[in-house]
Amino acid sequence: MTAQYQFRVLDESATREEFAKAAGQLGLRRHAVLRDGEEGYEDVWSNAAETSAVNYVEDPDLDLRYVSVRGADSAKLLVDLPRKLAIFDPEELIEIAYSADEDPEELNTNLLRLAVTYPEYDRRVEFVFQNYATTAPDPELRMTALDAIGLYAWEQLRPVVQQVANNDQNGAVRDYAKRVLERWAATRDE
């Protein structure tokens, strides 16, 4: 089984039970529950040959539910899962981020959805994160953009975080950017 994960965020309307039903319909079976408690919920589903797997995750820190898909049948699973379950298309998330008429709470959530969906560098997503981290009028939105940047610590965005840490007009945002840089450095040192 290849280890490259592809992530998709579930719509808020999709439930754990609906995921289990969809997984079963796609020939997957529950392999293991990895965690179930305050730190969230995660279970692993695999095909009979165990050449492909889907992890279903409820992440309380991000307040998101998502799946990670890997293995020989990942391309097919990424097509079939959204047919059975409300899952955000990656391109849709980029379009939402460019939509200026979204409310700030929805934009906050969407930035985190983007961060989960794009663990590998993507120039379009970099632009979204940079734009929100440096120009969003709402300090909370700028801090969420910093969270999104810090999730996978793309080196291309380190100068943006440093710029915010040095120059943002809001002291709380500057301090938050400094903490993101500290976490980034600690992660690199491990």
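The values are calculated or read from the model by the stated rules, or taken from the named source; none is laboratory data. Note that the structure is a prediction, hence the values are computed from the model and not measured. Cβ coordinates were reconstructed from backbone atoms using ideal geometry, including for glycine residues, and neighbour counts include every protein chain displayed. Side chains included, ligands, DNA and RNA excluded: accessible areas come from the protein's heavy atoms. Shrake-Rupley method; radii C 1.70, N 1.55, O 1.52, S 1.80 Å.
Table for the structure above
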item: Residue under evaluation Asp168, criteria (1) open to solvent by 20 Å² or more (accessible area, probe 1.4 Å); (2) touching a helix residue (DSSP H, G or I) at 6+ places or on another chain (Cβ under 9 Å); (3) at pLDDT 95 or above, criterion not met; result: (1)
item: Count of the range 47-71 residues which are surrounded by 14 or more Cβ atoms within 10 Å (Cβ to Cβ) and not in a strand (DSSP E or B); result: 3
item: Qualifying residue in the range 30-46 (condition: open to solvent by 20 Å² or more (accessible area, probe 1.4 Å), over 20 Å from Leu151 (Cβ atoms), of a type outside the set (Asp, Glu) and part of a helix (DSSP H, G or I)); result: no
item: Residue within the range 74-83 that is on the phi < 0 side of the Ramachandran plot, crowded, with 20+ Cβ neighbours inside 10 Å and basic (Lys, Arg) present; result: no
item: Filter result (among the polar types (S, T, N, Q) and part of a helix (DSSP H, G or I)) within the range 160-174; result: Gln162, Gln163, Asn166, Asn167
item: Pairs where the first residue, in the range 145-172, is of a type outside the set (Asp, Glu) and the second is outside any helix (DSSP H, G or I) and open to solvent by less than 20 Å² (accessible area, probe 1.4 Å), C-beta under 8 Å, 6+ apart; result: Ala145/Ala136
item: Matching residues in the range 109-141 - criterion: being modelled with pLDDT under 95, open to solvent by less than 30 Å² (accessible area, probe 1.4 Å), under 19 Å from Asn170 (Cα atoms) and out of contact with any Lys or Arg (no Cβ under 8 Å at 6 or more places or on another chain); result: Leu141
item: Flag if Tyr152 is aromatic (Phe, Trp, Tyr), open to solvent by less than 70 Å² (accessible area, probe 1.4 Å) and either in contact with a Ser or Thr (Cβ under 8 Å, 6 or more places away or on another chain) or under 18 Å from Leu111 (Cβ atoms) (or both); result: no
item: Pair list, Cβ < 8 Å and 6+ apart or interchain, from the range 10-21 residues that are loosely packed, with under 15 Cβ neighbours inside 10 Å to residues that are in a helix (DSSP H, G or I); result: Lys21/Lys84
item: Which listed residue is in contact (Cβ under 8 Å) with a residue 40 or more places away in the chain and either touching a Cys at 6+ places or on another chain (Cβ under 8 Å) or farther than 30 Å from Ala49 by Cβ (or both), from Thr109, Thr134; result: Thr109
